[in-house]
1. Please give me, ordered by residue number, the trypsin sites (Lys or Arg not before Pro) of segment 132-199 that lie in loop per DSSP and have at most 12 other Cβ atoms within 10 Å.
2. Please list, ordered by chain and number, the residues whose modelled amide H lies under 5 Å from the amide H of R120; skip anything fewer than 5 residues away on the same chain.
3. Principal axis lengths of segment 13-54 from Cα atoms, whole Å, largest first?
4. Projected area of segment 1-70, taken from the Cα convex hull and averaged over every viewing direction, in nm²?
5. Distance between the C-alpha centers of segment 180-219 and segment 262-287? Whole Å please.
6. Output ³J(HN,Hα) for segment 295-303: one whole-Hz value per residue in order, computed from phi by the Karplus curve 6.51 cos²θ - 1.76 cosθ + 1.60 with θ = phi - 60°, and x for Gly and Pro.
7. Give me the extension gain from H219 to R303: residue separation times 0.36 nm, minus the current Cα-Cα distance, reported in nm with one decimal.
8. Rank the residues M236, M135 as a footprinting-exposure proxy: fewest other Cβ atoms within 10 Å of their Cβ go first.
Amino acid sequence: MSTAAAYPKAELHLHLEGSATPETMLALDPASSLDEIREYFRFTGFQGFLETFKRIVELLRRPEDYARLTRDLLVRLAAEGVPYAEITLSAGVVLWKRQDFAPIYAAVREAAASSPVEVRWILDAVRQFGPDHAMQVAQLAAGRVHDGVVAFGIGGDEERGPARWFGDVYRFARDAGLHLTAHAGETAGPESVWAALELGAERIGHGIRAVDDPVLLRHLRDRAIPLEVCITSNVMTGAVPSLDAHPIRRLYDAGVPITLNTDDPGIFGVSLTGEYDLAARHCGFSPAELQGIAENAFRHAFRQSQRHSGP
């Protein structure tokens, strides 16, 4: 039995759409073969990953398709003994597809209600689509701040969607009572993390390039700002050249709070327990250290506190 299976763990960086397995996609697209679907799950580099993600979301045509993903994901998390998950739903992609968001959100909420896993939702905007698009997503999140949505964030291409575009959006989201997060320092350098912090981000999605800036490391450590680290994801997207090159150990040793997460477990073929085992086998983490990392996820979960609206 895996040592990591012995204690509770939470997921804080988990994309619903990226949880789709080839088998789930076959159920949604029976005209294709499993081999054909597995083929587009194969990719190289970050842009290849984005193309795979795009192929998946294009096949999510009905609210029931999103509900199916939710049920399948939560069955797997429950089987691992994961009691809590903050799941990112790409509302920005829903808008890009010109779909009605309300019935999709209602469907995933209903699907999650029957699971033993406690679920909160983070609505995500596609940063390269610009600030007007992001404001639409923030408004959708604000309208559901008492209906399961705990945070607003931005994802996508850091280079083509710089954080400085989104100051007004993040102020709106904060004033609406939402927590704030952002993907940063995944494919861009530490300056991207600094820019996300200037927006008010309370957690950083990935953030691994913070390792290149000692001042930033001290800032994250001293202010207890956690990084949502996703080891396999970073290797498979080419954010790091190899598992041996992953900076998670250096981040941890610098005193930065980290959590372990799967990011897109269906695309990457991983589980949360598997990520903990990987950290033990290849990154030198002891059982006690990993248990502390697991406790970090509960400590920094957005369910722990509710923002108050207003200045």
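1. Numbers: sites: R144, R160, R164, R171, R174; in loops: R144, R160.
Here the sparse-neighbourhood loop sites are R160.
2. Residues meeting the amide H criterion: A85, E86, I87.
3. Principal-axis extents of the Cα atoms in segment 13-54, largest first: 27, 21, 12 Å.
4. One quarter of the hull surface, i.e. the mean projection, equals 6.5 nm².
5. Taking the Cα centre of segment 262-287 as reference, the centre of segment 180-219 is 22 Å away.
6. 5, 4, 4, 5, 5, 9, 5, 6, 5
7. Working: separation 84, 0.36 × 84 = 30.24 nm, distance 2.39 nm.
Working it through step by step, the gained length comes to 27.8 nm.
8. Working: M236 22, M135 16.
Neighbour counts put them in this order, fewest first: M135, M236.
Values in this text are rule-based calculations from the coordinates and carry no lab data. Values in this document were obtained by computation on a predicted structure and should not be read as measured data. Cβ: placed from backbone, ideal geometry, glycine included. Neighbour counts: every protein chain shown.
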